[in-house]
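Asker: Just passing along the structure, written as structure tokens.
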Amino acid sequence: MSLWLFYAFGAVAVIGALGMVLNVRNAVASALCLVATMVALGGVHVLLEAYFVGALQVLVYAGAIVVLFVFVVMLLNLRRDGFPPARARLGRVTAAAVVGAALAGLVGLALTLPETAVPGATAALPEGFGGYRRVGAALFTDYLLAFEATSLLLLSAMVGAVVLAKRRGGDA
Amino acid sequence: MIPIAHVIALSAVLFAIGALGVLVRRNLVVMLMSIELMLNAANLAFIGFARHHGDETGHVFVLMVIVVAAAEVAVGLGILIALFRNRASVDVEDASLLKW
């Protein structure tokens with residue numbers, strides 16, 4: 001049952017991702033495809049028993065980050081854009097072919113390896129695995145320094161974004 | 001239980017689509033979204049291995065990645081708005097002043 005749900009969520013995520021990359025009509029539709037991908041990935045996280053992270057995925061990615069994208073797209077009132085003109089196309093086709101070949105190799109490798117190839121599998125999870133209690137305890141004890149560092153990162157990013165996007169006085 | 005190989009395969013597919021988006025699209029907004037997609041693929045691998053090993057350290061790393069993604073989007077969209085103000089375009093081909 002959970003395996004089939006995983007396949008369904010995975011299919012939605014891949015279709016949404018393809019829709020985001022291949023849609024050249026408008027950027028808002030791309031952002032909405034990204035929302036579908038993020039929500040599907042949140043479902044996959046819940047299936048993998050990462051409940052807290054799944055909830056944060058939906059809140060932060062599908063909620064905040066994509067709203068920011070949509071806001072900027074509508075603020076800038078973007079025209080439609082297409083794929084590159086023929087002059088620049090050869091390099092990009094090469095890039096796409098290389099990415100496709102690497103992808104095929106990776107997926108083939110991942111699916112043909114036996115299940116025992118990744119050691120350390122645990123069937124029995126501890127009580128409350130993936131809940132906010134256990135994740136929070138790990139975050140605020142073993143990884144407290146990294147957590148504080150992320151607060152500095154967020155502060156500097158916030159100041160940087162305000163400075164970058166601010167209209168200079170005089171020269172609009 | 002979901003096999004770890006299938007989780008990694010899904011993660012690889014999403015990462016490749018994100019890389020493809022950065023390589024073939026010219027719209028800076030869509031390129032930023034593709035970068036988000038690649039970060040999400042990495043998150044999925046973290047979650048899959050956390051489930052596989054029964055260890056929540058992967059979840060903590062995913063939280064860090066989410067914070068980095070949020071910071072990156074804020075700064076990236078700030079640069080985007082500054083670029084649009086100067087060039088009236090978000091096409092990366094128009095921002096070629098530093099290109100060799």
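The values are calculated or read from the model by the stated rules, or taken from the named source; none is laboratory data. Nothing here was measured: the structure is a model prediction, and the numbers come from that model. Virtual Cβ from ideal backbone geometry, glycine too; neighbours counted across all protein chains shown. Surface areas here come from the heavy atoms of the whole protein model, side chains and all, with no ligands, DNA or RNA. Shrake-Rupley method; radii C 1.70, N 1.55, O 1.52, S 1.80 Å.
Asker: Between the range B:1-76 and the range A:1-69, how many Å separate their Cα centres?
Answerer: One Cα centre to the other: 11 Å.
Asker: Report the label-to-label distance for residue A:113 and residue B:94 in nanometres (one decimal), using points 7 Å from each Cα along the Cα→Cβ vector.
Answerer: Modelled inter-label distance: 4.5 nm.
Asker: Moving to a separate point now. Before I look further, what does chain A give for accessible area per residue, probe 1.4 Å, in whole square angstrom?
Answerer: 59 Å²
Asker: Once you charge only the Cβ atoms, +1 for Lys and Arg and -1 for Asp and Glu, what is the size of the charge dipole of the range B:4-90 about its Cα centre, to the nearest 20 debye? Provide the component values of the computation, followed by the final result.
Answerer: Values: 5 positive and 4 negative charges, 98 e Å.
Once rounded to the nearest 20, the dipole reads 460 debye.
Asker: Quick one: buried accessible area between A and B, total over both chains, 1.4 angstrom probe, nearest 100 Å²?
Answerer: 6900 Å²
Asker: Also: Leaving out ligands, DNA and RNA but keeping every protein chain, what accessible area does residue B:31 have, in Å² rounded to the nearest 10, with a 1.4 Å probe?
Answerer: 40 Å²
Asker: So for B:57, A:112, what's the accessible-area order with a 1.4 Å probe, most first?
Answerer: Largest accessible area first, the residues go A:112, B:57.
Asker: Using heavy-atom solvent-accessible surface (probe 1.4 Å) with all chains present, what is the largest-first order of A:89, A:25, B:51, A:134?
Answerer: Result, largest first: A:25, A:89, A:134, B:51.
Asker: Quick check: from the Cα gyration tensor, does the range A:1-61 come out rounded (a/c under 1.5), prolate or oblate?
Answerer: Oblate shape, in that a/c is at least 1.5 and b/c is the bigger or equal ratio.
Asker: Can you work out the FRET efficiency for the pair residue A:127 and residue A:4, with r the C-beta to C-beta distance and R0 = 35 Å, to the nearest 0.05?
Answerer: 0.85
Asker: Using 0.36 nm times the number of residues separating residue A:162 and residue A:101, minus their current alpha carbon distance, what extension gain do you get?
Answerer: The span from residue A:162 to residue A:101 would gain 17.9 nm if fully extended.
Asker: Pull out the extension gain between residue A:71 and residue A:14, defined as 0.36 nm times the separation in residues minus the alpha carbon to alpha carbon distance; nm, one decimal.
Answerer: Net length gain for the segment: 18.1 nm.
Asker: Largest first and to the nearest Å, give the Cα extent of chain A along each principal axis.
Answerer: Computed over chain A, the largest-to-smallest principal extents equal 62, 41, 26 Å.
Asker: Go ahead and run the numbers for FRET between residue A:155 and residue B:82, Cβ-Cβ distance against an R0 of 22 Å, rounding to 0.05.
Answerer: 0.65
Asker: Tell me, rounded to the nearest percent, the portion of alpha carbon pairs in the range B:4-90 spaced more than 19 Å apart.
Answerer: Across the range B:4-90, Cα pairs with separations above 19 Å total 48 percent.
Asker: Can you work out the FRET efficiency for the pair residue A:148 and residue B:1, with r the C-beta to C-beta distance and R0 = 45 Å, to the nearest 0.05?
Answerer: Result of the calculation: an efficiency of 0.80.
Asker: Percent of accessible area on the range B:4-90 owned by carbon and sulfur, 1.4 Å probe?
Answerer: On the way: 1850 of 2420 Å².
Its accessible area is 76 percent carbon and sulfur atoms.
Asker: Sticking with this one: Quick one: dipole size for chain A, taken about the Cα centre, charges +1 on Lys/Arg Cβ and -1 on Asp/Glu Cβ, in debye to the nearest 20.
Answerer: 960 debye
Asker: As a check on your grasp of the helix formula, calculate [θ] at 222 nm for chain A: sum -39500 (n - 2.57) over DSSP H runs of n ≥ 4, divide by the residue count, round to the nearest 500. Walk me through the numbers on the way to the answer.
Answerer: On the way: 7 runs with 118 residues, N = 172.
-23000 deg cm²/dmol, from helical runs alone.
Asker: Right, next: So which residues in the range A:146-164 end up with at least 10 square angstrom less accessible surface once the other protein chains are there, compared with the chain by itself, probe 1.4 angstrom?
Answerer: Correct list: A:146, A:150, A:153, A:154, A:157, A:161, A:164.
Asker: At 1.4 Å probe radius, can you tell me the per residue accessible area of the range B:4-90 in Å²?
Answerer: In whole numbers, the range B:4-90 has 28 Å² accessible per residue.
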